[in-house]
Amino acid sequence: MKKIFSATCIAACSGALLLAASISTASAAEWPTGDVRLVVPYAPGGTTDVLSRRVADLLKDALDTNVIVENRPGAGSTIGTGRLARGGRDADHTLLMASPGHTIGAAIYPDLAYDPVEDFVFIQNVIDIPNVMVVPASSPYQSVVEFIEAAQDKNMAFSHSGVGSSIHMSGELFKTLTGSQMTAVPFAGSGAALPALLGGDVDVSFENMPTVYSHIKSGDLRALAVTSAERSPYLPEVPTLSEIGEHNLDQFVTTAWFGLIAHNSFPEEGYEAMQAALDEVMERQEFLDFAEQLGAQPGQVEGEEFKQFVIDDLARWEEVAQQAGISQ
Amino acid sequence: MENLTEVLQLFLSIDNFIAIALGVVIGVTVGSIPGLTATMAVALALPFTFSMQPVAAILLLVGIYKGGMYGGSITAILIRTPGSPASACTLLDGYPMAQQGNAKKALKAALFSSVIADFISNIALIFFAAYLAKIALNFGAPEFFWLICFSLTIIISLASGSMVKGLLAALLGILLSLVGLDSVFGSQRLTFGNYNLMDSISFIPLLIGLFAIPEIIEFYRKKAIPHIKAKASGVGMTLAELKRCMKSIVRGSLIGVIIGAIPGTGATAAAFISYSDARRRSPNKANFGKGEVEGVAAAEAGNNGVAGATLIPLLSLGIPGDVITAIILGAFMVHGLTPGPIMFQENLSLIYALFLGIMFSSLILLVVGNAAIKYFSLIADIPKSILFPIVLMFCVYGAYAVNNMTFDIWLMLAFGVVGYLFNRTGIPAAPFLIGFILGPMFEDNLRRSLLISNGDMSIFVRGPITWFFIAITFGSIAFAIFRFFKDRNAKLISN
Amino acid sequence: MSSSGLSNVKQIKDTLDVITGVVLLLISLVLAFYLVPNYIGEPSILQNPMMSPRWLPNIVSWLILAFSVLLILQGILVSSDTENDERKIVKGPYRRFIIMLIAFLVYVLLFETLGAILTGILATVLLFLAHPVRVWWAYGFALAFPVGVTLLFVNVMNVPLPLMPY
């Protein structure tokens, strides 16, 4: 069941809703049988947390049950995820909001107590936030190609929000693919990294769209490219990295993705009920508005496709981590 | 004129007043419970603001932030349990005051200086935002590095008694702060493969462990002192005392404003810098750390001065300086507003309505704080044999609540034992805490500077801001050495 | 011979400082020679020694070593001018202290298995008995607080404290 959002017209939409309704009535008797827990493997207040709370709020209506958000932060996202992987009594009613931390964490942390693919079922990709390659307004580089050419003999500093963040790994991926000379400069979160970028202390960053969108609009930062597969509707004039085509960049597609996963003992009826509920949530206007504010797009993959996506993502980051010398 | 009516229309809504009042009440309550931080409360309140009007929504969150900043001081003073990290400095003098039967005075001093600092901070936000934002943008890694170096010199003035012990404490703090993943390479440092340590040692369990638990251990270790049936809460603060502290409060507020305007330093550092500055200048220097009302006032002024000022980079640049402002940024975006220069052009009325609300929140803080003191100060009259077991329970729940991990309870009790040993051997806990907070900032900014400059050391002297902080860093050290010899000479002469 | 040894001991002005210094000295040695080289990973390529994850830990270890030596010297040579009462406490009965330790252990060992409410009540009652609280209604607090605070944390603050024994 491939879902392309731009293609949903009203008829298909109502059809899907009918389908969703019939599935949820069919399985409502078995799942959910109580409160649903949504584990957020990050601290309150971050993007993942805000997003999860929003989704939980909407899921409440769709599932007609209480959805409790539980923060289990630590060590990237691996502590919360490790807890879910252990299963236990509530595993049949526990979900987790996975993000690039899931795959990057597995790529850079040694001896994880769980298998990032086999221990989980992959329900649905909920939202995708593209990263944007930005340079300060004062930067001489007007395009990605100009930047790469300059970076062949000049060392470029790129800021990121912490080792293993999607921002960091995007930079490392860019460095590996294009053979540019780049130095990663770590900051404690995107907020701390922004002044260095605005002030011109670092040459470039691969920041999340919501962090830099207003600065791009105000002209303080210049967007050279977005990292997603297609151009972002919010920055339609900015090319994607993959469409540039030179310097191996056709392989550069990455987003900060967020999706729901569960322990692999998660019941089949729950799996179906969740997919139906998420389909419903993702068509709600509140959800679409929220996605728009983040400069994000609703998720594209679910089920097996989502799982394959995670496998590919993991393989890619493992390679990048190794090349960058981050893996231990 | 047209603008003014629009501003008033936006501001004069009953929702806004309810939001501010509710926010401050929630903030003070949550802030005063160890382990529950204003950050948590703001994050939890965020979903409720989705359906509110933007002004009311932001004011609710700002109210919680400000209330939380003050609320932390209540338990710091009464039971030596800092409700929030920033109030750790308040307890240095606040708790001794409460022990001497001046709980109410300490609480009032904390409240008044909080409100005054808050007010000054708001003024700075409203009138000097553009100017301060410019400073913030010029504050890169090397400037930060020197600011941290300067902040480290306050250890000298915090090391009451023995300088050697103070420095040892600070070094131990730095050492423990380095546990976790290396910020540049991601390699493990002293984690011993333990996943719970990879995000470094959690701050709040450490804080509670270091300050609250030793009191409890000591109480059960010591010979029982018969409970004296007397009103321990004491009297409030006199006007003369407030006047005496005024200079320190204003200076502390300004320190808070500057630290707050620079993203990423934090209220805790501001509180300690303000405290040590007040101590350096005060005629009652010897009384600091033993229950000096000026110490409480200076610490609280420093940490509350930050609150309004952190909104400066947020509103004028769209840069969140800490986690709370990051959440507030999220709230703006949920309502389709993007803080930054554009907002000043497109939504000026809304910004001024917010400013009015923020000013009003200082007043609410005064009222709510006064009411809180009335009831909270009764805690000082509860016999310790009843109070301490309940405090311990709060500490355990609070330590768990930070990351929802039992490991943090272990950590808290372990630091309790460390704190107890510190007390027994005369090693001061405050420099340890400073080392723990500033250690990673020192290292990160040093390495960040070198990464930016590609190893060129000249980046550390690249501009007037670096020179300014180099000058005050060395000035501060020179002053301490001068002081040391002067005191020694004075002692020799008197002998 | 023995008397001169004894007088040497007597010359130590502050025994506690000397002991503290020795302990810290040992810690710094363990750090510098065992923990830092073995438990801090270092990347194979480094442009600048200051970039190494071991750089600051090494410096801190050696500084602790230096200052602990100073502390030992200070303890031997300088008598602390204020025989400060803060460091010394008059010890109470061991029974009370041991019950407190048991209460600590109750919290860390049983928190997950018994849940927050039961451990809270158990530990609080233990501590009430340790430093005997003879006012009967105070024991009501030992019940009311753990229950009330747990419910507050779980329901209002969204903190998933472990609730009940499974």
| note | Taking the stretch C:113-166 and keeping only residues that are surrounded by 14 or more Cβ atoms within 10 Å (Cβ to Cβ), assigned to a loop (DSSP other than H, G, I, E, B) and within 10 Å of chain B (Cβ to nearest Cβ), one is left with C:131, C:133, C:157, C:158, C:159, C:160, C:161, C:162
| request: Tell me which residues, restricted to the stretch C:115-148, are aliphatic (A, V, I, L, M) and over 24 Å from residue C:95 (Cα atoms). | output: C:116, C:117, C:144, C:147
| field | Subset tally (residues that are of a type in the set (S, T, N, Q), assigned to a helix (DSSP H, G or I) and more than 24 Å from residue A:100 (Cβ to Cβ)) for the stretch A:256-307 | value | 1
| remark: Of (1) farther than 26 Å from residue C:27 by Cβ; (2) at the interface with chain C (Cβ under 10 Å from one of its Cβ atoms); (3) crowded, with 20+ Cβ neighbours inside 10 Å, residue B:457 satisfies every one except (3)
| said: Restricting to the stretch C:51-65, and then to whatever is surrounded by 16 or more Cβ atoms within 10 Å (Cβ to Cβ) and hydrophobic (A, V, I, L, M, F, W, C), can you tell me which residue is farthest from residue B:451 (Cα to Cα)? | reply: C:65
| query | Taking the stretch B:437-493 as the search range and keeping residues that are in contact with a helix residue (DSSP H, G or I) (Cβ under 6 Å, 6 or more places away or on another chain) and among the small types (Gly, Ala, Ser), which one is farthest from residue B:180 (Cα to Cα)? | reply | B:480
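Table: residues versus (1) touching a strand residue (DSSP E or B) at 6+ places or on another chain (Cβ under 8 Å); (2) in a helix (DSSP H, G or I); (3) over 28 Å from residue A:201 (Cβ atoms); (4) not aliphatic (A, V, I, L, M).
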position: B:451; (1), (2), (3), (4): yes, yes, no, no
position: B:458; (1), (2), (3), (4): no, yes, no, yes
position: B:466; (1), (2), (3), (4): no, yes, no, yes
position: B:470; (1), (2), (3), (4): no, yes, no, no
position: B:478; (1), (2), (3), (4): no, yes, yes, no
position: B:481; (1), (2), (3), (4): no, yes, yes, no
position: B:484; (1), (2), (3), (4): no, yes, yes, yes
position: B:488; (1), (2), (3), (4): no, yes, yes, yes
| Before we move on, is residue A:297 surrounded by fewer than 17 Cβ atoms within 10 Å (Cβ to Cβ) and touching a helix residue (DSSP H, G or I) at 6+ places or on another chain (Cβ under 9 Å)? | no
| Qualifying position, being in contact (Cβ under 8 Å) with a residue 40 or more places away in the chain and assigned to a helix (DSSP H, G or I), among B:291, B:302, B:236 | B:302
| said: Of the conditions (1) facing another protein chain (nearest Cβ under 10 Å); (2) over 19 Å from residue B:179 (Cβ atoms); (3) modelled with pLDDT of 85 or more, residue C:86 satisfies every one except a single condition; which number is it? | reply: (3)
| message | Taking the criterion of being surrounded by fewer than 23 Cβ atoms within 10 Å (Cβ to Cβ), more than 14 Å from chain A (Cβ to nearest Cβ) and assigned to a helix (DSSP H, G or I), would at least one residue in the stretch B:33-49 satisfy it? | response | no
| query | Yes or no: residue B:356 under 20 Å from the mean Cα position of the chain (by Cα) and assigned to a helix (DSSP H, G or I)? | reply | no
| Enumeration of residues in the stretch A:191-216 that are in contact with a strand residue (DSSP E or B) (Cβ under 9 Å, 6 or more places away or on another chain), within 28 Å of residue A:153 (Cα to Cα) and not hydrophobic (A, V, I, L, M, F, W, C) | A:199, A:200, A:201, A:203, A:205, A:207, A:208
| said: Quick test for you: out of B:426, B:455, pick the one residue that is in contact with a Lys or Arg (Cβ under 7 Å, 6 or more places away or on another chain) and at positive phi. | reply: B:426
| said: Can you find a residue that is at pLDDT 85 or above, more than 30 Å from residue B:312 (Cβ to Cβ), touching a Ser or Thr at 6+ places or on another chain (Cβ under 7 Å) and surrounded by 22 or more Cβ atoms within 10 Å (Cβ to Cβ) anywhere in the stretch B:190-209? | reply: yes
| field | Of all residues making up the stretch B:137-150, the number that are within 21 Å of the chain's Cα centre (by Cα) and farther than 19 Å from residue B:461 by Cβ | value | 0
| field | Selection from the stretch B:406-429 of residues that are surrounded by 22 or more Cβ atoms within 10 Å (Cβ to Cβ), more than 28 Å from residue C:16 (Cα to Cα) and at the interface with another protein chain (Cβ under 9 Å from one of its Cβ atoms) | value | B:409
| For residue A:275, are the conditions met, namely being assigned by TED's automatic domain parsing to the domain that holds residue A:88, at negative phi, buried (at least 18 other Cβ atoms within 10 Å of the Cβ) and among the polar types (S, T, N, Q)? | yes
| request: Give the residue, chosen from A:159, A:143, A:138, that is assigned by TED's automatic domain parsing to the domain that holds residue A:194, surrounded by 24 or more Cβ atoms within 10 Å (Cβ to Cβ) and among the hydroxyl-bearing types (Ser, Thr, Tyr). | output: A:159
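The values are calculated or read from the model by the stated rules, or taken from the named source; none is laboratory data. Everything numeric in this text was worked out from a predicted model, so none of it was measured. In this analysis, Cβ positions are derived from the backbone assuming ideal geometry, glycine residues included, and neighbour counts consider all displayed protein chains.
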